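Below: one structure, written as structure tokens.
The values are calculated or read from the model by the stated rules, or taken from the named source; none is laboratory data. This is a predicted model, so every value here is computed, not measured. Counting neighbours? That spans all protein chains shown, and the Cβs are built from the backbone with ideal geometry, glycine included. Surface accessibility is based on the protein's heavy atoms, side chains included, excluding ligands, DNA and RNA. Shrake-Rupley method; radii C 1.70, N 1.55, O 1.52, S 1.80 Å.
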Amino acid sequence: MEGHRNDDVSNRPTKVYSDDQFVVEVPETAHQISSDSWFQVGFVLTTGINSAYVLGYSGAVMVPLGWVGGVVGLILATAISLYANALIAQLHEFGGKRHIRYRDLAGFIYGPKAYSLTWILQYVNLFMINVGYVILAGQALKATYVLFRDDNTMKLPYFIAIAGFACGLFAICIPHLSALRIWLGFSTFFSLVYIVISFALSLRDGIRAPPRDYGIPGSNINKVFTTIGASASLVFAFNTGMLPEIQATVKQPVVGNMMKSLYFQFTVGVLPLYAVAFMGYWAYGNESSAYLLNSVSGPVWVKAFANISAFLQTVIALHIFASPMYEYLDTKYGIKGSALAVKNLSFRVMVRGGYLVITTLLAAAIPFIGDFMALTGAISTFPLTFILANHMYLVAKRNKLTSWQKLWHWLNVIFFGFMSVAAAVAALRLIAVDSKTYSIFADI
């Protein structure tokens, strides 16, 4: 089983004590582990779900599903996401090893092939999330620009390029996930700004507006595909696809503290998301925008403040989802010591800068944020968070589960497997339709 780690320095473990005072091996890594409180980790998770993506859920989730489907769907997605993430968290020290990477956990349970497959799935997931973040950051900058100069001179791809450059600078300056610390405070402030402003302006518009149409738009066949696509966006909203990597940063006891972080994320942390999604849909009905701040009316300076806050928070959030890639590369090439050392700094400039150049190019070429949310949920969030979580728990705990518990996990595997395939087809269809409507590097 160790064959899949030959090229990784993480095969030289250290030993610490687990929650139950058993010795647990910890793989070597260039980044910090067991250094953060459960509260800080809870804020990392909350930052992910309350990123500027929340400004799109009125249009990407509520419009295709309507009031009943949207409200029930979001609540169900919250519950099943908490459950699936709890399964993964409980396996963090399974078998006497600390599994600080998703691929390490899958490889330990299944073997080398699963290690490689999980690695591919996870990095596709995180890459697509980061493409979406760059699109969002570009949209926020463009929305700010048109408030003052709606002359159509600056196109969306230009703003996406600026956003990618800003993300690159931040990635070079922040060496690892635990180094975010004070930036998580800034992120929370920025999130509150655009969430409060979008909520308040939507409320004002809704009070003043005539009755809205809450009917689900499109033909019957379109409704089927958009509903399935929206289900993928639902699970995308609440899941990172990198829980073991985040759990690696939490202090001992790692399972107990991670559960506290998850409870924080899925109680207090989801309330802003609910508020924005429901209020935006209530105010604008089925005309809700894929970027809510494009729908609201109000003082120019207030909208500009919200858009700039969305841009800055997106830069911070992208760094969280890019950190597994950075950790792998830093560990593989032995990037340790001072973050300001010439070797370390130049490595971050070249490697992280190169990664974000590719991310930015794809974001500018295909800037369909709703489609990316659906496709990411379909091809990676469903498999990683729901299918793999249930099956790994089933395999790891098979001698301790009753027949009914085993049946329950198998039903989850089968159901989410079907949903993953159906949602992938729906998302690819949405991208194909939008690609016919818009050209490459579209200004939308």
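Our summary gives the chain a relative contact order of 32 percent, counting only alpha carbon pairs under 8 angstrom and 6 or more residues apart. Near PHE39, once Lys and Arg are set to +1 and Asp and Glu to -1 for all other residues with Cβ below 15 Å from its Cβ, the sum equals +2. Using a probe radius of 1.4 angstrom, the carbon and sulfur fraction of the accessible surface of the range 51-437 is 73%. For the range 374-421, the set of trypsin sites (Lys or Arg not before Pro) satisfying both a DSSP loop assignment and a count of at most 15 other C-beta atoms within 10 Å is given as ARG398, LYS400. For MET350, the shell of other residues with beta-carbons less than 13 Å away shows a net charge of +2, using +1 for Lys and Arg and -1 for Asp and Glu. With the whole protein complex present, ILE246 retains an accessible surface near 0 Å², based on a 1.4 Å probe. Other residues with beta-carbon under 12 Å from the beta-carbon of TYR393 carry, at +1 per Lys or Arg and -1 per Asp or Glu, a net charge of +4. Label reach from SER346 (point 7 Å along Cα→C-beta): in the range 174-188, no amide nitrogen lies under 15 Å. Available extension along the chain between TRP301 and ALA79 is 76.1 nm, counting 0.36 nm per residue and deducting the alpha carbon span. The H on the amide N of LYS97, modeled in the peptide plane, is under 5 Å from the matching H of GLU25, each at least 5 residues off or on a different chain. In straight-distance terms, cross-link reach from LYS251 covers every one of the lysines whose alpha-carbon lies under 17 Å from its own, apart from those fewer than eight places away in the same chain; here that gives LYS15, LYS97, LYS260.
The alpha-carbon of LYS223 sits under 27 angstrom from the alpha-carbons of these lysines, leaving out residues fewer than 8 places away in its chain: LYS436. Distance between the 7 Å Cα→Cβ label points at LEU411 and TRP67: 3.1 nm.
Can you tell me the dipole magnitude for the range 51-437 around its Cα centre, using point charges on the Cβ only (Lys, Arg +1; Asp, Glu -1), in Debye to the nearest 20? Show your work: numbers first, answer last.
On the way: 27 positive and 12 negative charges, 183 e Å.
So the dipole magnitude of the range 51-437 works out to roughly 880 debye.
For Rg and Dmax of the Cα atoms in Å, the value computed from the atomic coordinates appears in the list (i) 27.8, 93; (ii) 23.0, 75; (iii) 21.4, 67 under label (iii). A simple rule links phi to the HN-Hα coupling: the Karplus curve 6.51 cos²θ - 1.76 cosθ + 1.60 with θ = phi - 60°, which for the range 314-320 gives 5, 4, 5, 5, 4, 4, 4 Hz, with x for Gly and Pro. When the chain is treated as a GNM with alpha-carbon contacts under 10 Å, the residue of ASN344, ASN286, ASN220 showing the greatest mean-square fluctuation is ASN220.
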